[in-house]
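Reading through the structure tokens given below for one structure.
Values in this text are rule-based calculations from the coordinates and carry no lab data. Source: prediction; values computed, not measured. Every residue, glycine among them, receives a Cβ derived from its backbone with ideal geometry; neighbour counts consider all protein chains shown.
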Amino acid sequence: MSTRPRPRSTPPAIRRLTSGLAMPLGSVLLAFVVDGLLVGVTGGNPFAAYGALLCGGFGFICTQGENPVLQISNTIVFVIPLITTGVAVALPFRAGLFNIGAEGQLLAGAIACTAIGIKFSSLPSPILLPMVLIGGMVAGALWAGVAGVLKATIGAHEVVTTIMMNYVAQWFLRYLIVGGPLQLAPGTSKSSPIGAGARLATVLPNDNTLIIFGLPSSVYRVHTGLLIALAAAAIFAFLLWRTSLGYEIRAVGQSQKAARYAGVSVRRTIIVTMLIAGAFSGLAGATEIAGVDHNLTDKYFSDSTGFDAIAVALLGLGSGVGIVLAAILFGALHAGGSVMQADANISGNLVFILQALILFSIAANFVGAIRQRIPGLARPPTALPPEMPPAAPMMTEAAVPPVES
């Protein structure tokens with residue numbers, strides 16, 4: 001008698017990986033399909049648009065003479081702050097908090113970095129560079145700490161408080177560089193530049209006479225803040241899964257009552273989580289000033305890095321590697337928008353529509369998952385699980401056999 005071989009079951013690790021990747025990949029694919037349909041309906045060529053987007057973001061399929069290495073370097077410059085702010089949003093998510101204030105915390109870090117870099121511009125780099133980076137982290141932590149304290153003490157919702165702190169940071173920045181103490185000169189909307197010792201080194205020499213890949217090396221703006229951002233993602237993963245604080249953060253996010261019963265101080269965990277998240281965002285602002293701009297400008301009035309970080313954190317599923325990959329995608333979209341507008345004659349605003357569609361798709365998946373966890377909102381199962389056979393039918397009175405006397 002021959003026995004048929006049993007089919008091999010998929011290892012649990014592979015099942016978890018594929019199920020975890022299904023949601024973000026499906027969301028991105030759906031967003032690209034819908035966005036392509038919008039381009040086609042409005043008279044554009046979606047294939048030309050996405051070809052130009054690939055060229056601008058990753059240096060692929062460049063048909064108009066663009067330098068692929070330059071396009072990749074531009075993407076990396078956008079990726080650096082997205083990684084750090086993505087971590088700043090993902091960490092509170094794990095504690096059940098919604099940090100919508102990464103933008104304001106980034107601005108606080110940028111302001112502190114600029115002020116310190118101008119005030120102590122004569123200091124050497126080994127002293128001044130750590131000062132501006134730490135100053136940015138402290139400023140971002142204090143900015144987020146306000147929302148954390150209000151949440152822990154009086155129960156003020158962090159969504160409301162962090163949004164309000166965003167507005168405060170934006171208008172405080174405007175005051176500083178438009179008629180304020182950091183303004184470079186009357187009639188300008190930018191600050192004085194920070195000292196040379198407060199600037200992050202570029203990966204390639206900042207030399208107009210050195211030609212690399214057909215262009216002066218000074219045009220490649222990738223700086224050592226990339227290493228800082230990758231370190232932030234690694235620290236986030238280590239903190240969350242390898243420390244007692246990370247366990248407390250995850251416990252509070254799962255159930256505050258259960259965490260309190262286990263001896264976790266919920267108030268302290270909320271405050272500490274927001275402080276750490278703000279420090280990450282402040283670090284992102286400091287690296288932008290120290291590595292790219294070197295002064296505050298009106299660009300920061302409409303900067304959306306902190307808001308893009310929300311989508312990065314959701315798309316990255318709150319993991320360090322996922323956040324890095326999601327940041328690369330969004331950085332490529334930012335860098336590719338201008339090339340798409342120039343080459344395919346399609347507005348760069350299409351990139352923002354694409355980002356919104358990605359966020360909408362992710363949010364829809366999360367809402368469905370949350371509904372299943374809330375009593376009364378979950379849909380009843382349509383069939384019994386295979387391990388639960390249906391109950392035997394109850395015997396009616398007529399079916400009961402007579403008892404012999």
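P(r) tail, the range 24-368: Cα-Cα pairs separated by more than 29 Å, 42% of all pairs. Neighbours of residue 245, meaning other residues whose beta-carbon lies under 13 angstrom from its beta-carbon, give a summed charge of +3 when Lys and Arg score +1 and Asp and Glu score -1.
Where does the charge balance sit around residue 94 when Lys and Arg score +1, Asp and Glu -1, over other residues with C-beta under 12 Å from its C-beta? Let's see the in-between values first.
On the way: positive: 250; negative: 248.
After counting each charged neighbour, the total is 0.
Multiplying the residue separation of residue 184 and residue 37 by 0.36 nm and removing their Cα-Cα distance gives an extension gain of 48.3 nm. Neighbours of residue 131 by Cβ distance under 13 Å: Lys/Arg scored +1, Asp/Glu scored -1, total +2.
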